[in-house]
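The values are calculated or read from the model by the stated rules, or taken from the named source; none is laboratory data. Because the structure is a prediction, the values reported are computed rather than measured. Here the Cβ positions follow ideal geometry from the backbone for every residue, glycine too, while neighbour counts run over all protein chains shown.
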Amino acid sequence: MSATEMNKLDALLREATVTESDAYQEARRQMAVCNACRYCEGYCAVFPAMAMRREFETADLTHLANLCHGCKGCYHACQYAPPHAFGINIPATFATIRQESYAQYAWPPAMGRAFEKNGTIVAGVATLFVTLALLLAVALVDPSKLWTAQTGTGAFFRIIPLWLINALAGASFGFAILAMAMGAIRYWRGTGGLGGPLTPAPAAEAAVDVLTLRNLGGGGHGCNDVDDSFAQQRRWLHQAMFYGFMLCFAATTTGAIYHHVFGWKSPHAFFSLPVQLGTWGGVLLCIGTAGLMRVKVITDPVPVARKLMGGEYAMLGLLFLIGSTGLLLLAVRHTGAMGFMLALHFGLVLSFFAVLPYSKMVHGVYRGIALLRNARERRAG
Amino acid sequence: MPDFSRVYDVLVVGGGNAALCAAITAARAGASVILCEASPPPLRGGNSRHTRNLRTMHPGPTQVMTDSYLEEEYWDDLRRVTAGKTDEALARMCIRASQHAPDFLASCGVVFQPSLSGTLSLSRTNAFFLGGGKALLNALYRECARLGIVTLYDTEVQHIKVEEGWATEAVVSHAGFPERIRFKALVASSGGFQANRNWLREYWGDAADNFQIRGTPYAQGTILKDLLAQGVQEVGDPTQFHAVANDARAPMEDGGLAMRLDCVPFAIVVNRNVERFYDEGEDVWPKRYAIWGRLIAQQPGQVALAVTDSQAVMNFLPSVYPPYKADSIAGIAAQAGMDAAKLEKVVADYNAAVVPGTFTPMTPDDCRTEGLTPPKSHWARRIDKPPYYAYPLRPGITFTFLSVKVDDKARVLMADGKPSGNMFASGEIMSGNILGQGYLAGFGMTLGTVFGRLAGEGAAKHVRN
């Protein structure tokens, strides 16, 4: 047998031994019912995308699952929802597939396992980083500086040197971006590749879908956030979280530009651009994450993949802590508590960067790609 | 625990659209209302759970419907499907009132959507509920809760005491315990008897065992039978029902809409003896889907097989279960358990009789057979492009026609022709007043909404006086 034949045989063997998970098989069974029913076509992008298909390959199911925003409209409207024999529960099934796809397309691939006990991992990393940050601050920072009010230019950097902040944050964030970009490429290829030339119109449509969370509008009147009544709570809370997060990011970026381009050093005045961006960003981030956790607690548990809630609570909790410690840091920055609060906040932010590519946060990447693929498919007819 | 000691103004029997519209209308008019639904909460709503739209008259385009659909056309459609077995005055009243049905439902929180796809193109005549019937029910039950209507689940009304045309009290089983409910007016909206196989056996014998019940298993006809036994006037042929061609592999109950197969106009259909028995291409499917259930019910073993090929398979909605698929007709016959030679001959005879034409899937075309009995009048194309596909069919019963007689105020009529003092009816339990046979898509929900509102209004008015 030649080497190429051996390779071919190897590939065939690999293909034959890759079995689909229960969630994929279950989703295929459910899609067969949904595609013959189609009552949900008015709810979100998933059902028109489903109607374009007759066969549901693994890649199709991954795509549809990542297109699903988990609004639960289809579950509460379903004539076949449990306890009906068909037991159709798309939100829970698709959530499970999403999680499996995060693991499958993670980079480096071995890190996919981090999605298995994601709540424990995210919470554990955050705890570890905060502990380390506090211990190292106590061990390495001159106590006369750590516990007394620091004022004037470079106050923060007397606690944690700027080069260290840049090195740690830059390296961890840089790696997170690389890992998520690799994940995006792997996901794009795995769910069908390019399939035609890239044009700007579908990308613009997908961007609008992302920025407005159109698919959390339930066809105009809202989603089933909590029960079979309609509301837009999750949409607005997610918007608060998303734009709050973006404002915080903008605050850090403007701060860096002030420092490196204009030579304006922190701490900045309360009404300066970076502090204003960070303040309102922090407030929105806290409102959004706290609100989303509340919705998770009170929502009807059936259309929810309970196994995944740990990772979701952990990430929401981490973001809430980052937002709230940022605000506290602002409040105490001219007092002796600043050093402690800075170490706490920095530890949390670093842990966020470290877990970023292996957390619920990656849903943004895959959801964005799914919306782009969907916009392209719709145009192709 | 509900208060069984008090006297309620209105008792509504049933929990589907017709019952809820009656309960909401009565409560809005100031009546105290108690509603008994036989099912547990997740399966509430009778057959309404499986519905998707209602047929409404409208003089011009609305947000959810295109063009216009006027009384004469609506009446003409109804007259044709019922072959005149209807009550024109009652039907026209219902048609006129249907114009206001969507607004009433919207006032209860029901959301409508424009029709987007599917093979039944109905966006001119029918208003579609966003998410379908269960979403409609969710909104109506929420409105009931808002109005303070006492809603009992797992509560079967077993008997209504009727004395000289007056209903006095109800014997119920509430969560398995016997109770009595006293009331001043009754609205019976508890559907037909299609899920009562023993009752069907009275007319259909052993064939009844082969009927699939498409909708709720709670449609036992208990109150229908109870009222008819106590001097309420009967209307509608007790042996007849609305039935469609269902996938023979569907659950025997509650399989709902997704089990129906739309392949018939693009296939040929043979019975167990491998013989064709009816013109598959007689008319467009929306006008013919409702006759195929009965056609199959009359075949030996109440089964049939629709055979088609890869050329036609994209012309109809996909089935839930994968079709039989083979590269030869003999292969199809083997999977269906039929005589291969016979099926090959039926297909060959059909293919030989097909005359060339221009195929148009949504409108009657000139693709037909010549010299074949029975003929296939439209969409007849040679079945010769493998792989071949086949779907086993059984009758799927939607509802029965046997009903209590009502007048144009939804009052139940007694055997002497006089209206009952305090009994009203809405929905499938009185559908036979207008539907003597046949069916128009979306008419059941129209009937339920229109007569539900009339019944609720009448019951509340009776209580006030």
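Can you give me the ranges of the strands (runs of 3 or more DSSP E) entirely in the stretch B:1-95 with at least 1 residues that are under 30 Å from B:Gly255 (Cβ atoms) and within 14 Å of chain A (Cβ to nearest Cβ)?
Because the criterion is at least 1 residues that are under 30 Å from B:Gly255 (Cβ atoms) and within 14 Å of chain A (Cβ to nearest Cβ), the strands (runs of 3 or more DSSP E) in the stretch B:1-95 that meet it are B:53-55.
Among A:Ala155, A:Ala176, A:Ala167, which is in contact with a Phe, Trp or Tyr (Cβ under 7 Å, 6 or more places away or on another chain) and either acidic (Asp, Glu) or closer than 30 Å to A:Leu135 by Cβ (or both)?
A:Ala176
If you go through the stretch B:212-249, how many residues are more than 27 Å from B:Lys85 (Cβ to Cβ) and surrounded by fewer than 21 Cβ atoms within 10 Å (Cβ to Cβ)?
Number satisfying all stated conditions: 2.
Filter the stretch B:338-361 down to residues that are of a type in the set (S, T, N, Q) and out of contact with any Cys (no Cβ under 8 Å at 6 or more places or on another chain), then give me how many there are.
2
Is it the case that the stretch B:448-457 has a residue that's part of a helix (DSSP H, G or I) and under 17 Å from B:Asp77 (Cα atoms)?
No, that holds for no residue.
May I ask you to verify whether B:Ala195 is in a strand (DSSP E or B) and either under 21 Å from B:Gly15 (Cα atoms) or of a type in the set (Ser, Thr, Tyr) (or both)?
Answer is no for this residue.
Counting only residues that are at pLDDT below 90 and touching a Phe, Trp or Tyr at 6+ places or on another chain (Cβ under 8 Å), which one in the stretch A:190-222 is surrounded by the fewest Cβ atoms within 10 Å (Cβ to Cβ)?
Top of the filtered list is A:Leu194.
Among B:Gly432, B:Gly452, B:Gly427, B:Gly456, which is the only one that is at pLDDT 95 or above, surrounded by 21 or more Cβ atoms within 10 Å (Cβ to Cβ) and in contact with an Asp or Glu (Cβ under 8 Å, 6 or more places away or on another chain)?
Going through B:Gly432, B:Gly452, B:Gly427, B:Gly456 in turn, just one is at pLDDT 95 or above, surrounded by 21 or more Cβ atoms within 10 Å (Cβ to Cβ) and in contact with an Asp or Glu (Cβ under 8 Å, 6 or more places away or on another chain): B:Gly432.
What are the residues in the stretch A:54-75 that are within 9 Å of another protein chain (Cβ to nearest Cβ) and surrounded by fewer than 24 Cβ atoms within 10 Å (Cβ to Cβ), if any?
A:Arg54, the sole residue that qualifies.
Quickly run through the stretch A:30-49 and pick out the residues that are within 21 Å of A:His84 (Cα to Cα) and either more than 7 Å from every other protein chain (Cβ to nearest Cβ) or β-branched (Val, Ile, Thr) (or both).
Passing the criteria: A:Gln30, A:Met31, A:Val33, A:Cys34, A:Phe47.
For A:Ala343, state whether it is among the aliphatic types (A, V, I, L, M) and surrounded by 20 or more Cβ atoms within 10 Å (Cβ to Cβ).
When the stated conditions are applied, A:Ala343 passes them.
Taking the stated definitions as given, is B:Ala380 touching a residue at least 40 places away in the same chain (Cβ under 8 Å), out of contact with any Cys (no Cβ under 8 Å at 6 or more places or on another chain) and not assigned by TED's automatic domain parsing to the domain that holds B:Gly231?
no
Can B:Pro356 be described as modelled with pLDDT under 95 and more than 16 Å from B:Asn273 (Cβ to Cβ)?
Criteria met by B:Pro356.
For the stretch A:218-232, how many residues are within 12 Å of chain B (Cβ to nearest Cβ), in a loop (DSSP other than H, G, I, E, B) and in contact (Cβ under 8 Å) with a residue 12 or more places away in the chain?
So the answer is 5.
Which count do you get for residues in the stretch B:297-335 that are in contact with a Gly (Cβ under 9 Å, 6 or more places away or on another chain) and within 22 Å of B:Ile383 (Cα to Cα)?
Matching residues across the stretch B:297-335 total 3.
Of these, A:His84, A:His69, which one is touching a residue at least 12 places away in the same chain (Cβ under 8 Å) and assigned to a loop (DSSP other than H, G, I, E, B)?
Step by step, each of A:His84, A:His69 is checked, and only A:His69 is touching a residue at least 12 places away in the same chain (Cβ under 8 Å) and assigned to a loop (DSSP other than H, G, I, E, B).
Looking at the stretch A:241-266, I want the residues that are within 18 Å of A:Ala169 (Cβ to Cβ) and modelled with pLDDT of 95 or more and have a partner that is crowded, with 17+ Cβ neighbours inside 10 Å and among the β-branched types (Val, Ile, Thr) with Cβ atoms under 8 Å, at least 6 apart or on another chain. Which pairs are those?
Once the first residue is within 18 Å of A:Ala169 (Cβ to Cβ) and modelled with pLDDT of 95 or more and sits in the stretch A:241-266, its partners that are crowded, with 17+ Cβ neighbours inside 10 Å and among the β-branched types (Val, Ile, Thr) give A:Cys248/A:Ile322; A:Ala251/A:Val275.
Among the residues of the stretch B:267-296, write down those that are closer than 19 Å to B:Val347 by Cβ and among the hydroxyl-bearing types (Ser, Thr, Tyr).
B:Tyr278, the sole residue that qualifies.
When the stretch A:133-171 is examined, which residues are found to be within 23 Å of A:Ala256 (Cα to Cα) and among the β-branched types (Val, Ile, Thr)?
Passing the criteria: A:Thr151, A:Thr153, A:Ile159, A:Ile160, A:Ile165.
When the stretch B:38-83 is examined, which residues are found to be of a type in the set (Val, Ile, Thr) and under 30 Å from B:Gly176 (Cβ atoms)?
B:Thr51
Of all the residues that make up the stretch B:331-366, how many are on the phi < 0 side of the Ramachandran plot, without any contact (Cβ under 8 Å) to a residue 60 or more places away in the chain and out of contact with any Asp or Glu (no Cβ under 7 Å at 6 or more places or on another chain)?
Number satisfying all stated conditions: 17.
Mind checking which residues of the stretch B:296-313 are part of a helix (DSSP H, G or I) and under 13 Å from B:Glu275 (Cα atoms)?
B:Ile296, B:Pro300
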